[in-house]
1. Kindly list, by first and then second residue, each pair from a residue in region 121-149 that is of a type in the set (A, V, I, L, M) to a residue that is part of a loop (DSSP other than H, G, I, E, B), limited to pairs with Cβ atoms under 6 Å and residues at least 6 apart or on different chains.
2. So, restricting to helices (runs of 4 or more DSSP H) that lie completely within region 1-103, which ones have at least 1 residues that are modelled with pLDDT under 75, among the basic types (Lys, Arg) and on the phi > 0 side of the Ramachandran plot?
3. On the basis of being without any contact (Cβ under 8 Å) to a residue 12 or more places away in the chain and within 30 Å of residue 176 (Cα to Cα), does residue 264 make the cut?
4. Any chance you could count how many residues in region 197-209 are free of Cβ contacts under 8 Å to residues at least 60 places away in the same chain and surrounded by fewer than 18 Cβ atoms within 10 Å (Cβ to Cβ)?
5. May I ask you to list the residues in region 168-205 that are outside any helix (DSSP H, G or I) and of a type in the set (A, V, I, L, M)?
6. Please specify each residue of region 235-269 satisfying the condition of being open to solvent by less than 50 Å² (accessible area, probe 1.4 Å) and of a type in the set (S, T, N, Q).
7. Quick one: what pairs do we get from region 85-104, first residue open to solvent by 90 Å² or more (accessible area, probe 1.4 Å), second polar (S, T, N, Q), C-beta under 6 Å, 6+ apart or different chains?
8. Among the residues that make up region 124-143, is at least one of them open to solvent by less than 60 Å² (accessible area, probe 1.4 Å), small (Gly, Ala, Ser) and modelled with pLDDT of 90 or more?
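The values are calculated or read from the model by the stated rules, or taken from the named source; none is laboratory data. Values in this document were obtained by computation on a predicted structure and should not be read as measured data. Note that each Cβ is placed from the backbone with ideal geometry, even for glycine, and that neighbours are counted across all protein chains shown. For accessibility, only protein heavy atoms count, side chains too; no ligands or nucleic acids. Shrake-Rupley method; radii C 1.70, N 1.55, O 1.52, S 1.80 Å.
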Amino acid sequence: MSDPHTLASLTRPSRTPTLTKLSGLLEPHRIILLVIFIVGLVAAIQLMDWSWLPRYLPKLWEGLQMTLIMLVSSVVVGFLIALPLGLAQVKGAWPLRWLATGFCTVIRGTPLLLQLWLFYFGLGALFGQFPEIRESWAWDYLRQAWPYGFIALTVSFAAYQGEVMRGAFAGVPHGELEAAKAFGMSRRKVFSRVWFPRAVHRALPTLTGEIILQLKSTPLVATITVMDLYAVITQVRQTTYLTYEPLLFLVAVYLCLSGILVVGLRWLENRVPH
């Protein structure tokens with residue numbers, strides 16, 4: 001006869017995983033870091049001058065919006081460009097493969113700041129030399145700085161993520177693709193139902209890191225007069241003659257944005273089917 005206590009222990013939910021997680025969070029080094037963070041936060045609030053913050057909140061909000069627009073738009077469009085770049089390097093004809101490889105190599109081998117200046121000071125000045133462009137509706141946008149910041153960030157993200165997608169497409173086991181063909185799937189269905197989802201799932205962990213790096217690259221657009229969050233903080237420093245308080249505020253905002261991105265992308269990674 002089975003022991004009722006044994007049956008109860010088998011049916012009762014185990015608390016071991018929960019206790020393990022709690023013990024992991026209560027490790028000494030984590031507690032020390034938390035205490036240091038709390039002490040530093042209290043000291044920063046009590047000992048520093050934050051009287052400027054309410055006055056500049058509207059401008060800071062506008063700068064944050066520009067930062068998020070630059071980040072989201074460049075990541076979305078860059079990823080859409082990265083897909084054919086990665087696929088061309090794996091399955092494309094040799095001219096397409098050569099062009100995609102050359103594009104990724106050149107963009108990844110040059111600094112983003114240099115690309116940004118080339119687009120803004122080079123391409124922007126070139127457009128201004130054509131009366132047809134200056135007299136068209138497009139000139140209202142092309143004479144501003146933000147389109148060139150968007151182009152530079154998008155091209156950079158597409159090149160890096162294109163190389164990631166190349167590895168992801170090439171890393172999908174060939175046997176899975178052959179098995180899908182054996183079930184009678186067309187080439188389009190094999191790509192949409194097997195190859196593409198498996199490649200995206202393999203690329204998601206790296207994609208998280210690339211998006212965080214893209215977030216940290218957005219302050220470069222301030223060098224071409226785009227009023228992002230970093231540019232607003234620079235104005236605050238110049239008008240208030242404060243250094244540490246605005247920079248610490250900027251650090252806190254970027255840390256919060258990075259944390260939100262990491263949590264959201266990890267959640268997405270767990271939801272994407274293998």
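1. Within 6 Å, the pairs are 145/225; 145/226.
2. Details: elements: 4-11, 16-25, 28-47, 53-91.
Filter on region 1-103 gives an empty set.
3. Judged against the criteria, residue 264 is a match.
4. Of the residues in that region, 2 qualify.
5. 172, 185
6. Passing the criteria: 240, 258.
7. 97/89
8. Checked against the condition, which is being open to solvent by less than 60 Å² (accessible area, probe 1.4 Å), small (Gly, Ala, Ser) and modelled with pLDDT of 90 or more, region 124-143 yields no hits at all.
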